[in-house]
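**Student:** This is the structure, below, for whatever I ask next.
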Amino acid sequence: MKNLGWRQWLVVLAFVLVVCVTGLFAVRTVRRAIYWHYHQDEPIRPWMSLGYIAHSYSVPPWVLHQALGLPPRAGKPDRRPIREIAREQHRSVDQVIAILKDAIVHSRPPYPPPPDAPPDEGSPRGQPPAFTPGQTRGPIPPQQTPEPTQEPMRGRSP
Amino acid sequence: MSVTDQVLAALLVYGLPVLFGVILICSVGFPFPISLMLVAAGSFVEQGEMKLWEVIAVASVAAVLGDQIGYGLSRWGGRRLINRISRKLGAETNIQQAEALTKRWSGAGIFLSRWLVTAFGPWVNVASGIAAYPWRRFLLWDVLGEVLWVILYVGIGYTFSNRVQTIAEILGNLSWVIVGLIVTVILGWKLMRIFAPEATT
């Protein structure tokens, strides 16, 4: 065994440190990839627009507009990030995210898929067209759960 | 709300000017998860919010311009500083050797640090400027690497347009793994030389 000077020990220390940090990032990468594989939905962040969230979760944008009580848009969905919408509606971002998640859950199987375009009058599922500020839909009791559809037909953003 | 969230929200609302400004600043050296921004821009292109050619052109020009600022500042500002210090320390020979090494290997280093190990990018700009690496060659490698980087990340964002946050986090971690592996190989090589038995002549 050689007698190492302080410079050599520094290289050994740096090597061990770099191996550990690299391993840490490798583990994080793999964990993230595994999470992605098993959880197709990514978390909703304050920067996301309703259009992006609708695109990411494969629901028609009007469902999210309606859930937040925003006027339906004929063309492109709202480009504003949800933090701005939250500010305008005097809600916290977490409240807006909760409302959106709830609307998404109710647009997916086992619930019937919403149409691509918003209905002219009322809601197709007999639900109120919009939430009042600060209100979220509670969990649906099991007996109200409709039959699952054979094949999920999720709407896509235009 | 984090800085990343704020910048991405600004990108959504204001579009190309924000893309240009943030990439320019980051290319000079400001640390920011810029890959997330490019991936997000790719997603917005897929959704019809932005135009592909505009995103590629604006992002590439901003990245190259930022690199040129970093190179220029260190070449004409840092160069004088290095000369003064090396003269005082009497380390002119060492500096010259380092410069020769940079000139020899910087082509590949500049190119790879533009798109593969982007964390090294601003540092390579500074090193190339201080070593007075020929500007035209620096510009050539820089443009090639940055355009490749922009197309790669925008393409990933376009392909995985509904998973921007997740894919950017994976890419961010992966790029640090690549940086770590490169440094591990370099340090491992040094260790092998330290522990190698003395050559008998």
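**Student:** Return the total of residues in the range B:130-148 being farther than 16 Å from B:Ser74 by Cα and aliphatic (A, V, I, L, M).
**Tutor:** 5
**Student:** Has the range A:4-17 got at least one residue that is surrounded by fewer than 12 Cβ atoms within 10 Å (Cβ to Cβ), over 30 Å from A:Val59 (Cα atoms) and either among the charged types (D, E, K, R) or touching a residue at least 24 places away in the same chain (Cβ under 8 Å) (or both)?
**Tutor:** Within the range A:4-17 (the criterion being surrounded by fewer than 12 Cβ atoms within 10 Å (Cβ to Cβ), over 30 Å from A:Val59 (Cα atoms) and either among the charged types (D, E, K, R) or touching a residue at least 24 places away in the same chain (Cβ under 8 Å) (or both)), the answer is yes, since at least one residue qualifies.
**Student:** Quick one: count up the residues across the range B:166-181 that are of a type in the set (D, E, K, R) and over 15 Å from A:His37 (Cβ atoms).
**Tutor:** Qualifying residue count, the range B:166-181: 0.
**Student:** Quick check on the range B:29-61: of everything there that is within 16 Å of B:Glu146 (Cβ to Cβ) and polar (S, T, N, Q), which residue is farthest from the other protein chains (Cβ to nearest Cβ)?
**Tutor:** Checking each candidate, the answer is B:Ser60.
**Student:** Among residues belonging to the range A:22-64 that are outside any helix (DSSP H, G or I) and farther than 21 Å from B:Thr4 by Cβ, point out the one that is farthest from the other protein chains (Cβ to nearest Cβ). Explain how you work it out, then say what you get.
**Tutor:** Taking the range A:22-64 and keeping what is outside any helix (DSSP H, G or I), we get A:39-49, A:58-60.
Checking which are farther than 21 Å from B:Thr4 by Cβ leaves us with A:40, A:58-60.
Details: A:Gln40: 8, A:Ser58: 7, A:Val59: 11, A:Pro60: 14 Å.
So, considering only residues that are outside any helix (DSSP H, G or I) and farther than 21 Å from B:Thr4 by Cβ, the one farthest from the other protein chains (Cβ to nearest Cβ) is A:Pro60.
**Student:** Please note which helices (runs of 4 or more DSSP H) are completely contained in the range B:120-201 and include at least 2 residues that are among the polar types (S, T, N, Q) and crowded, with 18+ Cβ neighbours inside 10 Å.
**Tutor:** Values: elements: B:121-130, B:135-159, B:164-195.
Result: B:121-130, B:164-195.
**Student:** So which helices (runs of 4 or more DSSP H) stay within the range B:1-81 end to end and still have 1 or more residues that are of a type in the set (Ser, Thr, Tyr) and modelled with pLDDT of 95 or more? Walk me through it before giving the result.
**Tutor:** Details: elements: B:3-14, B:16-28, B:34-46, B:52-73.
It comes to B:52-73.
**Student:** Could you check, for the range A:87-110, whether at least one of its residues is surrounded by 22 or more Cβ atoms within 10 Å (Cβ to Cβ) and under 16 Å from B:Glu49 (Cβ atoms)? Outline the logic, then answer.
**Tutor:** Taking the range A:87-110 first, the residues surrounded by 22 or more Cβ atoms within 10 Å (Cβ to Cβ) are A:96, A:99-100, A:103, A:107.
From what's left, under 16 Å from B:Glu49 (Cβ atoms): none.
Checked the range A:87-110: no residue is surrounded by 22 or more Cβ atoms within 10 Å (Cβ to Cβ) and under 16 Å from B:Glu49 (Cβ atoms).
**Student:** Among the residues of the range B:154-192, write down those that are facing chain A (nearest Cβ under 7 Å) and among the aromatic types (Phe, Trp, Tyr).
**Tutor:** Residue satisfying the conditions is B:Trp176 alone.
**Student:** Continuing with this model, one more query. Quick check on B:Ile167: is it touching a Phe, Trp or Tyr at 6+ places or on another chain (Cβ under 6 Å) and either farther than 29 Å from A:Leu4 by Cβ or basic (Lys, Arg) (or both)?
**Tutor:** On the way: touching a Phe, Trp or Tyr at 6+ places or on another chain (Cβ under 6 Å): yes; either farther than 29 Å from A:Leu4 by Cβ or basic (Lys, Arg) (or both): yes.
Yes; evaluated as a whole, the condition is true for this residue.
**Student:** Considering the range B:1-20 alone, what residues qualify as being at the interface with chain A (Cβ under 7 Å from one of its Cβ atoms) and within 20 Å of B:Val45 (Cβ to Cβ)? Quick ask: steps written out before the conclusion?
**Tutor:** Residues of the range B:1-20 that are at the interface with chain A (Cβ under 7 Å from one of its Cβ atoms), as a first pass: B:1, B:5, B:8-9, B:12-13.
Answer for the range B:1-20, where residues must be at the interface with chain A (Cβ under 7 Å from one of its Cβ atoms) and within 20 Å of B:Val45 (Cβ to Cβ): B:Leu8, B:Ala9, B:Leu12, B:Val13.
**Student:** With the condition kept exactly as written, say whether any residue in the range B:63-80 is surrounded by fewer than 22 Cβ atoms within 10 Å (Cβ to Cβ), at positive phi, of a type outside the set (A, V, I, L, M, F, W, C) and more than 14 Å from chain A (Cβ to nearest Cβ).
**Tutor:** No, because not a single residue in the range B:63-80 is surrounded by fewer than 22 Cβ atoms within 10 Å (Cβ to Cβ), at positive phi, of a type outside the set (A, V, I, L, M, F, W, C) and more than 14 Å from chain A (Cβ to nearest Cβ).
The values are calculated or read from the model by the stated rules, or taken from the named source; none is laboratory data. Owing to the predicted nature of the structure, the values given are computational and were not obtained by experimental measurement. When we count neighbours, we look across all protein chains shown, and the Cβ atoms used for this are built from the backbone with ideal geometry, even at glycine.
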